[in-house]
Amino acid sequence: MIHKSLSTGIFLLVTTMLFALGAMAGESLPPVRDRAICAKMIRAGQQACDRGKYEEAKAYFRRAVEADPASAKAWHHYDTSVVLALAAQLKKQQAPCEEDTVPEGPEVPSPTAQAPSPPSEDSSRSTSPKAKAPAPPPKAPEQGC
């Protein structure tokens with residue numbers, strides 16, 4: 001009987017201690033917010049972004065988020081810089097493809113060119129309008145951080 005109550009007591013003691021340790025491990029200290037460093041890193045990141053250095057900007061904005069995890073502005077700039085850095089990488093990867101030359105071969109008519117109209121009785125007066133090439137689309141403005 002003593003043995004049974006002793007083992008039950010030890011079991012309860014160990015269980016209570018494990019529960020207390022688990023609760024303490026789950027507690028975390030609130031993050032330390034350093035708004036001055038966050039603001040400094042945001043400014044440096046914006047300058048890097050203005051120069052087109054998106055990877056560098058991303059590193060500055062990441063440090064801003066680490067300095068103040070609650071800063072919505074730091075998170076916004078970081079997220080934007082991640083997208084811009086990825087876009088720059090994709091553009092860099094596609095650049096060699098744009099430089100490739102097209103092998104010489106028969107000319108292929110433009111898909112926007114109009115087919116010639118059948119000859120009319122009076123061929124000196126042509127009524128078909130000349131085909132115009134479409135204007136290239138306007139360039140999108142560069143997105144900043």
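Of note:
Each row is one residue, and each column tells you yes or no for (1) modelled with pLDDT under 90; (2) assigned to a helix (DSSP H, G or I).
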position	(1), (2)
44	no, yes
52	no, no
55	no, yes
58	no, yes
61	no, yes
70	no, no
74	no, yes
79	no, yes
93	yes, yes
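- Residues located in region 65-82, provided they are out of contact with any Lys or Arg (no Cβ under 8 Å at 6 or more places or on another chain) and crowded, with 22+ Cβ neighbours inside 10 Å: 74, 77
- Matching option when the condition is hydroxyl-bearing (Ser, Thr, Tyr), surrounded by 10 or more Cβ atoms within 10 Å (Cβ to Cβ) and at pLDDT below 95, among 101, 16: 16
- Pairs, first over 16 Å from residue 39 (Cβ atoms) in region 59-87, second surrounded by fewer than 18 Cβ atoms within 10 Å (Cβ to Cβ), C-beta under 7 Å, six or more apart: 84/143; 85/55
The values are calculated or read from the model by the stated rules, or taken from the named source; none is laboratory data. Remember, predicted model here, so these are calculated numbers, not experimental data. All Cβ positions, glycine included, derive from the backbone under ideal geometry; neighbour counts span all protein chains shown.
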